[in-house]
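Notes follow once the structure below has been shown.
The values are calculated or read from the model by the stated rules, or taken from the named source; none is laboratory data. The shown structure was predicted, so the numbers you read here are calculated from the model rather than taken from an experiment. Quick reminder, even Gly has a Cβ in these numbers, built from the backbone with ideal geometry, and neighbours come from all protein chains shown.
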Amino acid sequence: MKCEEKQMLISSYIDDALDEASQGSMFTHLADCAGCREFLRRSLDVRAGLASLAQPEVPPSLDRTVLRMRPLRRGRVKSARERVQALWSHRLSVPLPSAALVALALIAVTLISISLWQNPEVVSVPCLPAVDVYAQPPAGEDKSN
Amino acid sequence: MHPKSDQELLSLIRTGDKGAFAELYMRYSRALFAFCSRLLGDTQAAEDAVHETFMKLSSGSAAIAEPAALKSWLFAVARNESLMTLRHRPAGGNDDAESVWADETPLSLAEKEDVRSFVRAALSCLKMEYREVLLLREFEGLSYGEIASVTGDSASSVKSRLFKARRALADRLAGVWNEERENR
């Protein structure tokens with residue numbers, strides 16, 4: 001337990017966040033404790049190891065999109081043009097499966113529309129027999145009606 | 001001519017000064033991108049997070065309560081954007097609250113060749129709450145108080161997490177460094 005407390009001090013010492021009195025206590029302990037000396041050495045190795053990692057480069061696409069932005073004045077209401085500009089530079093993050101599903105649905109709807117356009121279904125309407133309204137009534141019927 | 005302070009740049013940004021906005025972007029984009037990239041392990045998601053951060057600055061600079069703490073504000077927004085990305089990812093890894101590791105132990109990644117690869121792998125296997133404090137301290141040089149304002153924790157919690165993260169990495173990578181020393 002005592003070593004854990006001292007190792008916490010060592011961690012703060014590495015961060016340059018340890019006061020003089022605590023530093024004295026830490027160094028006194030380090031003189032007698034090989035385990036904590038080893039912890040200090042390893043912690044410094046961690047720092048060196050992290051420092052050796054290359055810093056990722058900012059992608060040029062990020063420079064382009066951000067440097068096109070125009071900051072809004074404080075208290076000013078956005079103009080319609082600024083709202084449209086903000087809309088164009090806004091990004092929407094969509095999960096890949098959802099995007100693929102929407103794309104597939106669009107393709108399916110397009111294909112069905114094309115096939116219907118090219119082969120319209122022939123609708124046949126049954127025709128009634130033609131009736132000649134001017135024809136003479138059959139013989140024997142009352143003509144007075 | 002001395003470079004303008006963050007506070008001066010923010011005052012200009014609030015008047016709609018595009019040059020000041022660009023200067024601030026050039027000052028912090030690299031650090032923010034590196035932070036998000038290492039936090040997420042994904043450069044595309046990191047790009048989106050930094051983009052959203054500067055969108056918020058361009059549209060909401062008036063809402064920044066402490067202009068003197070602009071750097072912390074930028075990192076806090078970038079962190080929140082990164083966490084939102086992570087929420088959409090499938091959960092996994094280690095649920096043990098006492099453990100600092102989120103994923104498989106890095107030394108099992110036997111195909112890694114050099115020390116840097118081991119360090120990178122070990123860093124990416126730390127749980128988010130340990131990784132973020134280590135990144136902000138080691139790469140950005142933020143104080144405990146500044147890290148606390150980014151993560152929304154107390155300074156003592158930051159100090160404790162830094163200690164645990166260092167101890168975990170030191171233990172995990174001890175074999176690698178010992179081997180390297182023997183080879184020298």
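Between A:Ser43, A:Ser61, which is in a helix (DSSP H, G or I), touching an Asp or Glu at 6+ places or on another chain (Cβ under 9 Å) and small (Gly, Ala, Ser)?
After ruling out the rest, the residue left standing is A:Ser61.
Only one of these conditions is not met by B:Phe33: (1) within 16 Å of B:Glu81 (Cα to Cα); (2) not in a helix (DSSP H, G or I). Which number is it?
(2)
Across the range B:133-184, what is the number of residues that are hydroxyl-bearing (Ser, Thr, Tyr), outside any helix (DSSP H, G or I) and facing chain A (nearest Cβ under 9 Å)? Before the answer, list the steps.
Residues of the range B:133-184 that are hydroxyl-bearing (Ser, Thr, Tyr), as a first pass: B:143-144, B:149, B:151, B:154, B:156-157, B:160.
Narrowing further to those that are outside any helix (DSSP H, G or I): B:143, B:154.
With facing chain A (nearest Cβ under 9 Å) added as a condition, the list becomes B:143.
Qualifying residue count for the region: 1.
Regarding B:Glu81, is this residue touching a His at 6+ places or on another chain (Cβ under 9 Å) and either without any contact (Cβ under 8 Å) to a residue 40 or more places away in the chain or not assigned by TED's automatic domain parsing to the domain that holds B:Ile147 (or both)?
So B:Glu81 fits the description; yes.
What is the number of the single condition among (1) surrounded by 11 or more Cβ atoms within 10 Å (Cβ to Cβ); (2) under 42 Å from the mean Cα position of the chain (by Cα); (3) part of a helix (DSSP H, G or I) that A:Glu5 does not meet?
(2)
Could you look through the range B:134-158, keep only residues that are charged (D, E, K, R) and surrounded by fewer than 21 Cβ atoms within 10 Å (Cβ to Cβ), and pick out the one that is nearest to B:Glu66 (Cα to Cα)?
B:Glu146
Among the residues of the range A:36-53, how many are at the interface with chain B (Cβ under 7 Å from one of its Cβ atoms) and within 12 Å of B:Arg120 (Cα to Cα)?
Selection size over the range A:36-53: 5.
State whether the residues of the range A:107-115 include one that is under 23 Å from the mean Cα position of the chain (by Cα) and either over 25 Å from B:Leu142 (Cα atoms) or exposed (fewer than 12 other Cβ atoms within 10 Å of the Cβ) (or both).
Scanning the range A:107-115 turns up at least one residue that is under 23 Å from the mean Cα position of the chain (by Cα) and either over 25 Å from B:Leu142 (Cα atoms) or exposed (fewer than 12 other Cβ atoms within 10 Å of the Cβ) (or both).
Tell me the residue from B:Thr105, B:Thr85 that is at pLDDT 85 or above and more than 28 Å from A:Asp16 (Cβ to Cβ), please.
Sole residue among the options that is at pLDDT 85 or above and more than 28 Å from A:Asp16 (Cβ to Cβ): B:Thr85.
With respect to B:Arg38, is the statement that it is within 24 Å of B:Met84 (Cα to Cα) and in contact with a Pro (Cβ under 8 Å, 6 or more places away or on another chain) true?
Values: within 24 Å of B:Met84 (Cα to Cα): yes; in contact with a Pro (Cβ under 8 Å, 6 or more places away or on another chain): yes.
Judged against the criteria, B:Arg38 is a match.
Surrounded by 10 or more Cβ atoms within 10 Å (Cβ to Cβ), over 30 Å from B:Arg89 (Cβ atoms) and modelled with pLDDT under 85: does that describe A:Arg83?
yes
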